[in-house]
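Visitor: Would you mind keeping the following structure in view while I ask a few things?
The values are calculated or read from the model by the stated rules, or taken from the named source; none is laboratory data. Bear in mind the structure is a predicted one, so any value in this text is a computation, not a measurement. Every residue, glycine as well, gets a Cβ built from its backbone with ideal geometry; the counts of neighbours run over all protein chains shown.
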Ligand code: ASP
């Protein structure tokens, strides 16, 4: 046997046992007569002790080792005279009687420690060494566990895992496709799936009424820290369901994952409509770990000759609880923050509802204490609270206020990393209207069904049509989304037309699906969760990168492989390129 135990296992109860361990040399301390070595594997570290007096030959051999050597040792478990309370094996050490160096190692280019000295690029170039660090290993292990919990939950619910092809024709999720040239069909190209959307709908037509797949999706988008060009979705579809069935099924999945990974019980997940979400939180992915809902002050703030308010379409406020004492400096720094181009506000008005009814605002010239008191009452603020106000064009102000709400909560420590608060946002608009080009885009994707009661608006007022579409947000991040689909060919055709496809274009791109709808397509709907995102949100971090064993860097490159890279002329010729 190569090893009888792993390096995270041995405790006081194993004292006097003869054991065989394998692993990597994490650290060595040579004290002359004794050499101590920390032996590491993915389960933990165990301290080895080599004693010159007991076995000088292997002690000499041990001294020749370096960091990251791979070794096998045999020895006896003994009690440590100076226990290390910080690690689970800290009560014991192994007195080594035999040592075999299984492989040498060059000195690694950065330290294999939780706090490493390696920069981003270096760690990505040697990702296999980076993956030896226990902080990263924990993330990969968490991901594996979440996949496993997902599979076992969905299996229990009767879902079948079905694989769909990777070399396909373009799928419309709104991003650019990655394209693969075909050697056998020169001048023709495959696209990599942005999602298995059309296939999962076809599987419903085939009668596999509960489908899922943990699947790679590919989108050729510009970089953001929570995006990667290839990422993994938990992709699901069901037949004979309405929106409520989908939400109920999948909130149980998320509850199960959160309970098993974090021991949290989330209860019923609240549901709000898209309109309500925008109104109360200024975003369609609200963080509801804290209140601070947006108040619409447009009607009560206008009319005092204050130009910023009088010229604004919308005046919005948030009440920051207990923040009336915030220093001028801190408020100024928030004002600078809202003026950044990404937020785009021209300024920020504040009003402090100090105790003892002394109210103070940055617009005292225009508004007296009675005005401020009416704001306070309208906003249901308390003494000691701070009111922050933004005013301007409607869309931009809502957006800026949504971001300010998050920023303030961050600065006030209101986004508790130990709280998990998912929320469903439903009834998204069916279309996004592009003012500039006067065109409609599908807000989710073109297969999303309009709400039954809105179908007649498709002709008269498409902007107002709401969809049977829903997202789940967790702590302010969208982790999943889906919709009830259209299963009627005529309606699907009407939507394609509204999206600017002629009948011929729609048929060319989606003819296979439209035809399938003519052979008894059942009512169906589904959802996809971002697996990488779920991992990152559960761990309370922005970047999904560390949850992917071999991610791409900021410019979509794999530095280790040096990909993408040039290909040989012969290959190009073969492909007819
Ligand atoms: N295919 C959709 C997406 O990738 C999810 C869905 O509608 O099920 O966002």
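Visitor: Could you give me the residue pairs with C-beta distances under 8 Å whose first residue belongs to segment 471-483 and is closer than 15 Å to residue 531 by Cα and near the ligand (Cβ under 10 Å from one of its atoms), whose second residue is in a loop (DSSP other than H, G, I, E, B) and modelled with pLDDT of 95 or more wherever it lies, and which are 6+ apart or on separate chains?
Guide: Correct list of pairs: 471/284; 471/285; 471/428; 478/284; 478/285.
Visitor: Let me spell it out: the conditions are (1) surrounded by 17 or more Cβ atoms within 10 Å (Cβ to Cβ); (2) touching a helix residue (DSSP H, G or I) at 6+ places or on another chain (Cβ under 6 Å), and residue 19 meets all of them except one. Which number is the exception?
Guide: Here residue 19 clears every test but (2).
Visitor: Okay, moving on. So, residue 532, is that one touching a strand residue (DSSP E or B) at 6+ places or on another chain (Cβ under 9 Å), within 30 Å of residue 150 (Cβ to Cβ) and more than 16 Å from the ligand (Cβ to nearest atom) or not? Before you say what the answer is, go through the steps one by one.
Guide: On the way: touching a strand residue (DSSP E or B) at 6+ places or on another chain (Cβ under 9 Å): yes; within 30 Å of residue 150 (Cβ to Cβ): yes; more than 16 Å from the ligand (Cβ to nearest atom): no.
Criteria not met by residue 532.
Visitor: Follow-up question, since we're still on this one. Here are the criteria: (1) touching a residue at least 60 places away in the same chain (Cβ under 8 Å); (2) part of a helix (DSSP H, G or I); (3) more than 24 Å from the chain's Cα centre (by Cα); (4) surrounded by fewer than 19 Cβ atoms within 10 Å (Cβ to Cβ). Tell me which single one residue 309 does not satisfy.
Guide: So the condition that residue 309 fails would be (4).
Visitor: Additional query: Quick one: in segment 215-262, which of the residues that are within 16 Å of the ligand (Cβ to nearest atom) and in contact with a helix residue (DSSP H, G or I) (Cβ under 6 Å, 6 or more places away or on another chain) is nearest to residue 553 (Cα to Cα)?
Guide: My answer is 231.
Visitor: Check whether at least one residue in segment 474-495 is in contact with a strand residue (DSSP E or B) (Cβ under 8 Å, 6 or more places away or on another chain), assigned to a helix (DSSP H, G or I) and surrounded by 18 or more Cβ atoms within 10 Å (Cβ to Cβ), and report yes or no.
Guide: Yes; the residues of segment 474-495 include at least one that is in contact with a strand residue (DSSP E or B) (Cβ under 8 Å, 6 or more places away or on another chain), assigned to a helix (DSSP H, G or I) and surrounded by 18 or more Cβ atoms within 10 Å (Cβ to Cβ).
Visitor: Of everything in segment 160-174 that's in a loop (DSSP other than H, G, I, E, B) and more than 22 Å from residue 449 (Cβ to Cβ), which residue is farthest from the ligand (Cβ to nearest atom)?
Guide: Step one: list which residues in segment 160-174 are in a loop (DSSP other than H, G, I, E, B), which gives 162-167, 169-174.
Restricting the remaining residues to those that are more than 22 Å from residue 449 (Cβ to Cβ) gives 162-163, 165-167, 169.
Working: 162: 14, 163: 16, 165: 15, 166: 15, 167: 18, 169: 15 Å.
Across segment 160-174, the extreme among qualifying residues is 167.
Visitor: Right, here's the next one. Here are some conditions: (1) modelled with pLDDT under 95; (2) buried (at least 16 other Cβ atoms within 10 Å of the Cβ); (3) assigned to a loop (DSSP other than H, G, I, E, B). Residue 521 meets all but one. Which one does it not meet?
Guide: Failing condition for residue 521: (1).
Visitor: Would you confirm whether or not segment 441-453 contains a residue that is away from the ligand (no atom under 16 Å from the Cβ), out of contact with any strand residue (DSSP E or B) (no Cβ under 9 Å at 6 or more places or on another chain) and assigned to a loop (DSSP other than H, G, I, E, B)?
Guide: The answer is no, given that none of the residues of segment 441-453 is away from the ligand (no atom under 16 Å from the Cβ), out of contact with any strand residue (DSSP E or B) (no Cβ under 9 Å at 6 or more places or on another chain) and assigned to a loop (DSSP other than H, G, I, E, B).
Visitor: Condition (residue is surrounded by 20 or more Cβ atoms within 10 Å (Cβ to Cβ), out of contact with any strand residue (DSSP E or B) (no Cβ under 8 Å at 6 or more places or on another chain), farther than 11 Å from residue 389 by Cβ and modelled with pLDDT of 95 or more) applied to segment 330-341: is it met by at least one residue?
Guide: Scanning segment 330-341 turns up no residue that is surrounded by 20 or more Cβ atoms within 10 Å (Cβ to Cβ), out of contact with any strand residue (DSSP E or B) (no Cβ under 8 Å at 6 or more places or on another chain), farther than 11 Å from residue 389 by Cβ and modelled with pLDDT of 95 or more.
Visitor: Being more than 19 Å from residue 204 (Cβ to Cβ) and part of a strand (DSSP E or B) is the filter here; which residues of segment 229-258 pass it?
Guide: 230, 231, 232, listed by residue number.
Visitor: Here's something else I'd like to know. Is it the case, given these coordinates, that residue 183 is surrounded by fewer than 18 Cβ atoms within 10 Å (Cβ to Cβ), in a loop (DSSP other than H, G, I, E, B) and more than 16 Å from the ligand (Cβ to nearest atom)? If you could, list the steps in order and put the result at the bottom.
Guide: Values: surrounded by fewer than 18 Cβ atoms within 10 Å (Cβ to Cβ): yes; in a loop (DSSP other than H, G, I, E, B): yes; more than 16 Å from the ligand (Cβ to nearest atom): yes.
Against the criterion (surrounded by fewer than 18 Cβ atoms within 10 Å (Cβ to Cβ), in a loop (DSSP other than H, G, I, E, B) and more than 16 Å from the ligand (Cβ to nearest atom)), residue 183 qualifies.
Visitor: Could you identify the single residue in 510, 517, 501, 496 that is over 18 Å from residue 427 (Cα atoms) and within 16 Å of the ligand (Cβ to nearest atom)?
Guide: Details: 517 fails: within 16 Å of the ligand (Cβ to nearest atom); 501 fails: within 16 Å of the ligand (Cβ to nearest atom); 496 fails: within 16 Å of the ligand (Cβ to nearest atom).
Only one candidate passes the filter, namely 510.
Visitor: When you look at residue 202, is it surrounded by fewer than 20 Cβ atoms within 10 Å (Cβ to Cβ), in contact with a helix residue (DSSP H, G or I) (Cβ under 7 Å, 6 or more places away or on another chain) and over 29 Å from residue 420 (Cβ atoms), yes or no?
Guide: Details: surrounded by fewer than 20 Cβ atoms within 10 Å (Cβ to Cβ): yes; in contact with a helix residue (DSSP H, G or I) (Cβ under 7 Å, 6 or more places away or on another chain): yes; over 29 Å from residue 420 (Cβ atoms): yes.
Taking the combined requirement at face value, the residue satisfies it.
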